[in-house]
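Working notes, beginning with the structure itself.
The values are calculated or read from the model by the stated rules, or taken from the named source; none is laboratory data. Every value quoted in this text rests on a predicted model; they were computed, and no experiment measured them. Please note: Cβ atoms are built from the backbone with ideal geometry, for glycine as well, and neighbour counts cover all protein chains shown. The area values use the complete protein model at the heavy-atom level, side chains included, leaving out ligands, DNA and RNA. Shrake-Rupley method; radii C 1.70, N 1.55, O 1.52, S 1.80 Å.
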Amino acid sequence: MTSVLFSLKRAVIGRPMATAEEQHERLSKKVALAVFSSDAISSTAYATEEILIALVVAGVTATVYSLPAAALVAFLLVIVAISYRQTVYAYPSGGGSYIVAGENLGVLPGLVAAASLLVDYVMTVAVSVASGVAAITSAFPSLFSYRLFIAVVLVVLVAVINLRGIRESGSIFAIPTYAFVLLCGGLIVVGAIRYATGNLHALPQEAVTPVALMGPWLFLKAFSGGASAMTGTEAISNGVPAFKRPESKNAAITLLVMAGILGFLFIGITALAHVLDVLPKDHDTVMSQIARAVYGNGFLYYALQIATMGILVLASNTSFNGFPRLAAVMAEHGHLPRQFMNRGDRLAFSNGIIGLAVTAIVIIVIFKARVHSMIPLYAVGVFTGFTLSQTGMVVHWRKLSEPGWHRKALLNGLGACMTAVVAVVIVATKFTRGAWIVVIAIPLIVLFCTAVKRHYDRVGRMLEPADESQLERLGAVAQSAPRTTVVLFVSQVNELTARSLSFAQALSPADVHAVTIKGDDKRLHRLEESWAAMGTKVPLKIIESPYRELVRPAVEYVRSLEPGPEHMVTVIIPEFVVEHWWEAALHNQNAFRLKGALLLVPWVVVLSVPFHIGTGSPETRAVEESHQPA
């Protein structure tokens, strides 16, 4: 079974990679643009639709405000991109909002920023994949009823690709990213030409009955919906170490290129939606309607829809790069379980990748892969992280007080103020639609991180001596010889039992307890006869078990021996190992359960004496062969 699982793992994940190969896994700017920017660029596929969904409740005429809302989002994008460019140079080790806020504002703001980013990464996967499925089901309506299944399969597929390593996943993701940029950019250019030549006309739409009045509140809701286009902007600053040298310079260039592409595509799609009078529909996305109107129903339309699905699904790769790295940094600081620091066979942070995939799948299933239902949970964490990061940068520049720091601090301060306003607007406008979940989740994550840190600090104080006097005390303890009692649990008499008893007497010749838990009377009678016939001087103690339990009476007996610093109790558990994996299911797991229970008893050492079937003494093998059928 082990060899089968190993072969399957190698086929799916690939060959193991040595730590020294990590440098060769660094990304060029072209590949990094696909890896870290696919989230932000792909948001053009649904950000315009979120603006229109908010405005259309005031009637068709209210959609004219989609362009001002998009322009305001684009302006904010410019400010945030320039601000994060400064972060890339100031913090080349990555970590993003968590590191910046933690170092400059304190531990608690840093944890809030980290919790916000973790939530954002999870929602990025869920929203991007669900939106990608919506794009393909718009082109192929017969797949609509299978959207949930398709979404789950796609999350698993992206996770597996990421488990294969950074460079390999980046090369795969570059194709749909650049295909989408070319096809979507071409859509804007062709649409502009057709509009300028009078060959592009508004689409016929059904009448919409206004249910709300157009006003500042409705415009803010539209703006907050469009602000989802900015999700993923911080990903490059989080992943600076993944770039080829010089890391900061390459990351800064990639960040500005990403912001330029995103701004152009977002404004262009919104302008086309305005020209065509496009309205949101349940089974046909805004992007699909625009593409059908500009490209027609031919090859380019389907190519764009497939590319849209591709970049949206693979946009989750931004999270699969950012989430594990952030979790690893937090684990290094003791705020998350240290398992998140472990690198897999392909130098990827495998535990973070798997944890992200599982959590995103749960979210997708809960919300049934409906994009509009998940969007309110999406941007709250993003802009909270933006605000704390930019505020932290202001403090950073002030601490350095190097020439020109006022200008840098002013730029980051402007970004902090604007993103703070957006965060408040998003919470206010989307609180009842699901944003309250994130508002509750972030403090819970912070509390969990605090508890983990407290645990690690407590364990560290106990396990790591602080001064020379403690080391001297530990030396005295190491040279002492505490009283040792050995307990051997017996179920039957065989070669394994005999060898275990011999081992027990070697450990503590004068204090060995052979113990059996009373169960069936016939079995106990045979065991007593066999034990007596073996001729050992160690008496067999029988522990009553009126409810036929094994673990609880055994643990109670061990506790009754009063183990402590001056009295160690060593429990020996004989267990045999079968030849084939499937044979393990034919035997009980009493030894495993007993070891797990005894692990919780202080000052008790548990030793297993394994006996592999087929590897006994020549005499035992001769007996086995004599019982084989002719």
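Every residue, every condition in (1) out of contact with any Leu (no Cβ under 7 Å at 6 or more places or on another chain); (2) more than 21 Å from LEU598 (Cα to Cα), yes or no:
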| residue | (1), (2) |
| --- | --- |
| THR485 | no, no |
| VAL493 | no, yes |
| SER500 | no, no |
| ALA514 | no, no |
| TRP531 | no, yes |
| GLY535 | yes, yes |
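Could you grab the pairs with beta carbons closer than 6 Å, sequence gap of 6+ or different chains, first residue in the range 183-202 and over 15 Å from MET287 (Cα atoms), second one in a helix (DSSP H, G or I)?
TYR195/VAL275; LEU200/ARG194
Just a yes or no: is a residue in the range 327-336 open to solvent by 10 Å² or more (accessible area, probe 1.4 Å), among the small types (Gly, Ala, Ser) and either in contact with a strand residue (DSSP E or B) (Cβ under 6 Å, 6 or more places away or on another chain) or touching a residue at least 60 places away in the same chain (Cβ under 8 Å) (or both)?
Looking through the range 327-336, none of the residues is open to solvent by 10 Å² or more (accessible area, probe 1.4 Å), among the small types (Gly, Ala, Ser) and either in contact with a strand residue (DSSP E or B) (Cβ under 6 Å, 6 or more places away or on another chain) or touching a residue at least 60 places away in the same chain (Cβ under 8 Å) (or both).
Scan LEU157, LEU143, LEU187, LEU117 and give me the residue that is modelled with pLDDT of 90 or more and not in a loop (DSSP other than H, G, I, E, B). Steps first, answer last, please.
Details: LEU157 fails: modelled with pLDDT of 90 or more; LEU143 fails: modelled with pLDDT of 90 or more; LEU117 fails: modelled with pLDDT of 90 or more.
Being modelled with pLDDT of 90 or more and not in a loop (DSSP other than H, G, I, E, B) holds for just one of LEU157, LEU143, LEU187, LEU117, which is LEU187.
Please state which of the following conditions GLY268 fails to meet, knowing it meets all the rest: (1) open to solvent by 40 Å² or more (accessible area, probe 1.4 Å); (2) modelled with pLDDT of 85 or more.
Only one criterion in (1) open to solvent by 40 Å² or more (accessible area, probe 1.4 Å); (2) modelled with pLDDT of 85 or more is unmet by GLY268, namely (1).
Of all residues in the range 572-630, how many are part of a loop (DSSP other than H, G, I, E, B), open to solvent by 50 Å² or more (accessible area, probe 1.4 Å) and at pLDDT 65 or above? Before the answer, list the steps.
The first filter runs over the range 572-630 and keeps only residues part of a loop (DSSP other than H, G, I, E, B), leaving 578-580, 587-589, 599-603, 613-617, 627-630.
Next, from what is left, pick out any that are open to solvent by 50 Å² or more (accessible area, probe 1.4 Å): 579-580, 587-589, 599-600, 602-603, 613, 615, 627-630.
Keeping just the survivors that are at pLDDT 65 or above gives 579-580, 589, 599-600, 602-603, 613.
The qualifying residues number 8.
Within the range 300-339, can you find the residues that are within 15 Å of the chain's Cα centre (by Cα) and over 19 Å from VAL119 (Cα atoms)?
ARG338, GLN339, listed by residue number.
Can you tell me how many residues in the range 281-291 are buried (at least 21 other Cβ atoms within 10 Å of the Cβ), more than 31 Å from the chain's Cα centre (by Cα) and outside any helix (DSSP H, G or I)?
Result for the range 281-291: 0.
Quick one: how many residues across the range 96-124 are open to solvent by less than 10 Å² (accessible area, probe 1.4 Å) and out of contact with any Cys (no Cβ under 6 Å at 6 or more places or on another chain)? If you could, list the steps in order and put the result at the bottom.
Taking the range 96-124 first, the residues open to solvent by less than 10 Å² (accessible area, probe 1.4 Å) are 96-97, 100-101, 110-111, 113-117, 120-121, 123-124.
Still in the list and also out of contact with any Cys (no Cβ under 6 Å at 6 or more places or on another chain): 96-97, 100-101, 110, 113-117, 120-121, 123-124.
So the count comes out to 14.
Condition first: of a type in the set (S, T, N, Q) and either at pLDDT 90 or above or surrounded by fewer than 18 Cβ atoms within 10 Å (Cβ to Cβ) (or both). Now tell me which residues in the range 53-92 satisfy that.
Passing the criteria: THR61, SER66.
Please go through the range 526-571 and give me each residue that is crowded, with 17+ Cβ neighbours inside 10 Å, within 20 Å of ALA591 (Cα to Cα) and hydrophobic (A, V, I, L, M, F, W, C), ordered by number.
Result: LEU527, LEU540, LEU550, ALA554, VAL555, VAL558, VAL569, VAL571.
Report the residue count in the range 364-411 for those that are surrounded by fewer than 19 Cβ atoms within 10 Å (Cβ to Cβ), hydroxyl-bearing (Ser, Thr, Tyr) and over 25 Å from ALA54 (Cα atoms).
1
Give, as residue ranges, the strands (runs of 3 or more DSSP E) completely inside the range 482-571 that count at least 1 residues that are touching a residue at least 12 places away in the same chain (Cβ under 8 Å) and of a type in the set (Lys, Arg).
Details: elements: 483-489, 512-517, 540-543.
Filter on the range 482-571 gives 483-489, 540-543.
Kindly indicate whether ASN317 is in contact (Cβ under 8 Å) with a residue 12 or more places away in the chain, touching a Gly at 6+ places or on another chain (Cβ under 7 Å) and crowded, with 24+ Cβ neighbours inside 10 Å.
On the way: in contact (Cβ under 8 Å) with a residue 12 or more places away in the chain: yes; touching a Gly at 6+ places or on another chain (Cβ under 7 Å): no; crowded, with 24+ Cβ neighbours inside 10 Å: yes.
Criteria not met by ASN317.
Part of a helix (DSSP H, G or I), open to solvent by 10 Å² or more (accessible area, probe 1.4 Å), at pLDDT 90 or above and at negative phi: which single residue out of ILE150, ILE136 fits that description? First the steps, then the outcome.
Details: ILE136 fails: at pLDDT 90 or above.
Exactly one residue qualifies, and that residue is ILE150.
Among the residues of the range 419-440, is any surrounded by 14 or more Cβ atoms within 10 Å (Cβ to Cβ) and in contact with a Gly (Cβ under 7 Å, 6 or more places away or on another chain)?
yes
Can PHE386 be described as touching a helix residue (DSSP H, G or I) at 6+ places or on another chain (Cβ under 7 Å), of a type in the set (Phe, Trp, Tyr) and more than 24 Å from GLY106 (Cβ to Cβ)? Even if it seems obvious, please write down each step before you answer.
Details: touching a helix residue (DSSP H, G or I) at 6+ places or on another chain (Cβ under 7 Å): yes; of a type in the set (Phe, Trp, Tyr): yes; more than 24 Å from GLY106 (Cβ to Cβ): no.
No.
I'd like the full set of residues that are β-branched (Val, Ile, Thr), surrounded by 19 or more Cβ atoms within 10 Å (Cβ to Cβ) and part of a helix (DSSP H, G or I), limited to the range 231-260.
We begin by selecting, within the range 231-260, every residue β-branched (Val, Ile, Thr); these are 231, 233, 236, 240, 253-254, 257.
Now restrict to residues that are surrounded by 19 or more Cβ atoms within 10 Å (Cβ to Cβ): 231, 233, 236, 240, 254.
Selection gives ILE236, VAL240, THR254.
With the checklist (1) farther than 20 Å from LEU550 by Cα; (2) modelled with pLDDT under 90; (3) surrounded by 11 or more Cβ atoms within 10 Å (Cβ to Cβ) in hand, flag the one item SER502 doesn't pass.
(2)
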